Amino acid sequence: MSRSFPIPANIEMEVVRLIYAEGGEEARNLKDIERTQLYQSWTSDKRIGGRLLPFLGTDDNIRVWIKNGPMKELSRARSGVGKYKDLVANPTASVDLLVEKALGAGWTVNADSLQVKPLRVLIQREDDEADERWFAWGPGRDFKHLVWAEIKTRAGFDQHPWVLCLVDTFANRPRSEDEAFNQRIADRLGLIVRHVTDS
């Protein structure tokens, strides 16, 4: 069993910047096997794995750290949230733009209400202050996590309605049957679900 030690912040940031620049931001569009191969290449790269090895001890620990650290934070970082937000080259659209794409004009975002897991903010209809709801967003593959967050939040007595905004790239749009399946679940739970592309 190996011991791990804290990674100095400057090394962590340099390594994460390299990970994101060298395929990390595109990894969300890869198949699992391709993503695994990418993690292995980063682990064996002296500029990435080589710099982490003294702190994490083994190649397995490095792969786990990459997967559960920088890659798990990538969606939030691309949305301008979290400690890695300044390391991404291609941030996603702002939440204001996502709200407009999903619901049209006429909504105000309460930036002070930002929650991180999952990413969500309270929005309010400009012509009806009583119409306030959670707007949650993430990649389409996170649909089940967004649904579960809504269920848990409502069970905790927060009765704001939810809008789930599934953001994918134009090249990685969901299949129409997946969109229809998501809509059936949303209808059953009384949610609004919108699929938008981030361009």
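Quick notes
- Restricting attention to the stretch 115-125, the residues being closer than 23 Å to residue 105 by Cα and either open to solvent by 20 Å² or more (accessible area, probe 1.4 Å) or in contact (Cβ under 8 Å) with a residue 40 or more places away in the chain (or both) number 7.
- Unique match (being open to solvent by less than 60 Å² (accessible area, probe 1.4 Å) and touching an Asp or Glu at 6+ places or on another chain (Cβ under 7 Å)) among 58, 43: 43
- Number of positions in the stretch 81-94 that are open to solvent by 50 Å² or more (accessible area, probe 1.4 Å) and either of a type in the set (Val, Ile, Thr) or touching a helix residue (DSSP H, G or I) at 6+ places or on another chain (Cβ under 6 Å) (or both): 2
- If the condition is being in contact with a helix residue (DSSP H, G or I) (Cβ under 8 Å, 6 or more places away or on another chain), assigned to a helix (DSSP H, G or I) and surrounded by 17 or more Cβ atoms within 10 Å (Cβ to Cβ), then the stretch 139-154 contributes 140, 142, 143, 147, 150.
- Out of 28, 78, sole residue that is of a type in the set (D, E, K, R), crowded, with 20+ Cβ neighbours inside 10 Å, at pLDDT below 90 and closer than 19 Å to residue 198 by Cβ: 78
- When each of 168, 128 is tested for being farther than 30 Å from residue 17 by Cβ and either out of contact with any His (no Cβ under 6 Å at 6 or more places or on another chain) or open to solvent by 60 Å² or more (accessible area, probe 1.4 Å) (or both), the lone residue that passes is 128.
- Index of the failed condition, residue 33 passing every other in (1) surrounded by fewer than 17 Cβ atoms within 10 Å (Cβ to Cβ); (2) in a helix (DSSP H, G or I); (3) in contact with a helix residue (DSSP H, G or I) (Cβ under 8 Å, 6 or more places away or on another chain): (3)
- Of all residues in the stretch 95-109 being open to solvent by 60 Å² or more (accessible area, probe 1.4 Å) and outside any helix (DSSP H, G or I), the one that is farthest from residue 72 (Cα to Cα): 105
- Residue 160 being part of a strand (DSSP E or B) and not hydrophobic (A, V, I, L, M, F, W, C): no
- The sole residue among 139, 91 that is within 24 Å of residue 23 (Cβ to Cβ), touching a residue at least 60 places away in the same chain (Cβ under 8 Å), out of contact with any Cys (no Cβ under 6 Å at 6 or more places or on another chain) and not β-branched (Val, Ile, Thr) is 139.
The values are calculated or read from the model by the stated rules, or taken from the named source; none is laboratory data. Source: prediction; values computed, not measured. Every residue, glycine among them, receives a Cβ derived from its backbone with ideal geometry; neighbour counts consider all protein chains shown. Accessible surface areas use protein heavy atoms only, side chains included; no ligands, DNA or RNA. Shrake-Rupley method; radii C 1.70, N 1.55, O 1.52, S 1.80 Å.
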